[in-house]
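Note sheet for the following structure.
Please treat every number below as a calculation from the coordinates, not as lab data. This is a predicted model, so every value here is computed, not measured. Using ideal geometry, Cβ is built from the backbone for each residue, glycine included, and neighbour counts are taken over all protein chains shown.
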Amino acid sequence: MKSIMLIILVVTAIMTLQTKKMKNAVIYLGVFSIIIAFVYLLQGAPDVAIAEAVIGSTMTTILYIVALHKYKLYRIYINFDAIEINDSVYKKNNYNDLLKSIKTFCYKNDLDPMTIYTVDKINLKGMGKYHLNLEIVDYHIQLSYHRNDIKSEELFDYLSKKDEFSTIRKKIF
Amino acid sequence: MTNHSTLLSKSLTIVYPFILIFGFYIVVNGHTSPGGGFQGGAVIASVYISKYLVLPVYDYQLEPFKMIEKFMLVIILLLPLTIFLFRMNVMLPEFNVPYLMAMNILIAIKVTCGISIIFFRFVFFETR
């Protein structure tokens with residue numbers, strides 16, 4: 001019985017690692033916890049088995065699912081006008097440096113940045129939190145973000161403290 | 001957790017009292033059978049956690065929980081100290097079992113409050 005359980009344990013562990021979807025991995029982890037609790041019981045440690053069953057399979061599963069629900073990408077839209085896509089303007093406005101600074105900020109704050117280059121105008125009203133729109137207005141870089149977006153506010157403060165981005169502007173919608 | 005399922009809420013409503021009774025059983029029989037304060041407290045706290053699955057609404061006051069938890073910590077420190085300081089375990093050996101039960105119950109209350117606070121803080125306040 002114990003060896004069968006141990007084999008299933010290894011199988012669920014490999015399944016946890018190999019799944020593509022995070023939610024499936026969380027469920028497999030819960031199954032793993034239940035099976036390892038049963039193994040503890042067979043080994044003669046019912047105390048540990050109860051604790052493992054309650055904490056490992058109930059609480060961590062629910063906590064992981066809630067955390068996955070909260071997990072959001074930080075989307076950065078970079079707006080080009082058709083004229084702007086040539087090297088001189090690109091260098092002059094140092095988008096690359098700006099993006100590097102934004103990425104350092106994101107890694108410090110546990111955000112997952114995702115840059116999207118567009119030529120179309122983005123509908124600003126439809127964007128919620130964790131969306132940032134970058135564009136150039138009157139030779140100044142302008143950030144626009146949702147009014148409740150605290151992280152973007154922090155990002156703006158972080159950028160405007162730096163010398164090379166001191167002329168940066170913000171627009172809140 | 002915006003769209004909650006009717007199946008889950010109905011079934012968990014039936015299971016609630018059984019989880020509670022099971023938790024109390026683990027706590028009270030902790031000195032003779034497997035289990036104890038920590039495990040029973042975690043089981044009782046899972047009632048609160050599964051209530052979140054049924055109805056994800058923040059209608060709790062966390063301040064009393066915090067107060068009770070700190071108060072329990074003080075009692076858990078003071079009760080064994082007084083008992084061993086006045087050598088009650090030698091003088092009154094018939095009170096050893098009630099002492100163990102009382103300690104289990106105190107630890108269970110502390111663990112329940114602690115895990116509930118951690119969970120609700122995480123679910124309702126910790127955002128990016």
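Only one entry in B:Y60, B:Y99 is among the aromatic types (F, W, Y) and either surrounded by fewer than 10 Cβ atoms within 10 Å (Cβ to Cβ) or part of a helix (DSSP H, G or I) (or both), namely B:Y99. Here A:I7 meets each of (1) within 14 Å of chain B (Cβ to nearest Cβ); (2) over 30 Å from B:H31 (Cα atoms); (3) surrounded by fewer than 16 Cβ atoms within 10 Å (Cβ to Cβ) with one exception, condition (1).
With the condition kept exactly as written, say whether any residue in segment B:64-82 is within 11 Å of another protein chain (Cβ to nearest Cβ), surrounded by fewer than 16 Cβ atoms within 10 Å (Cβ to Cβ), in contact with a Phe, Trp or Tyr (Cβ under 9 Å, 6 or more places away or on another chain) and of a type outside the set (D, E, K, R). Within segment B:64-82 (the criterion being within 11 Å of another protein chain (Cβ to nearest Cβ), surrounded by fewer than 16 Cβ atoms within 10 Å (Cβ to Cβ), in contact with a Phe, Trp or Tyr (Cβ under 9 Å, 6 or more places away or on another chain) and of a type outside the set (D, E, K, R)), the answer is no, since none of the residues qualifies.
Scanning segment A:54-73 for residues that are in a helix (DSSP H, G or I), within 9 Å of another protein chain (Cβ to nearest Cβ) and of a type outside the set (S, T, Y) returns A:V54, A:I55, A:M59, A:I62, A:L63, A:I65, A:V66, A:A67, A:H69, A:K70.
Only one of B:I117, B:I105 is within 14 Å of chain A (Cβ to nearest Cβ), in contact (Cβ under 8 Å) with a residue 12 or more places away in the chain and not hydroxyl-bearing (S, T, Y); which?
Going through B:I117, B:I105 in turn, just one is within 14 Å of chain A (Cβ to nearest Cβ), in contact (Cβ under 8 Å) with a residue 12 or more places away in the chain and not hydroxyl-bearing (S, T, Y): B:I117.
Just to be sure, is B:I26 surrounded by 13 or more Cβ atoms within 10 Å (Cβ to Cβ), within 19 Å of A:T61 (Cα to Cα), out of contact with any Leu (no Cβ under 8 Å at 6 or more places or on another chain) and among the β-branched types (V, I, T)? So B:I26 does not fit the description; no.
Listed by first and then second residue, the pairs linking a residue in segment B:59-85 that is free of Cβ contacts under 8 Å to residues at least 60 places away in the same chain and more than 12 Å from B:G114 (Cβ to Cβ) to a residue that is of a type in the set (F, W, Y) and surrounded by 10 or more Cβ atoms within 10 Å (Cβ to Cβ), with Cβ atoms under 9 Å apart and 6 or more places separating them unless they lie on different chains, are B:L79/B:Y99; B:P80/B:Y99; B:I83/B:F95; B:I83/B:Y99.
How many residues are in a strand (DSSP E or B) and surrounded by fewer than 19 Cβ atoms within 10 Å (Cβ to Cβ) when one looks only at segment A:135-153?
Matching residues across segment A:135-153 total 5.
Filter segment B:31-55 for residues that are surrounded by 22 or more Cβ atoms within 10 Å (Cβ to Cβ) and more than 9 Å from every other protein chain (Cβ to nearest Cβ) and give the result. Those that are surrounded by 22 or more Cβ atoms within 10 Å (Cβ to Cβ) and more than 9 Å from every other protein chain (Cβ to nearest Cβ): B:G37, B:G41, B:I44.
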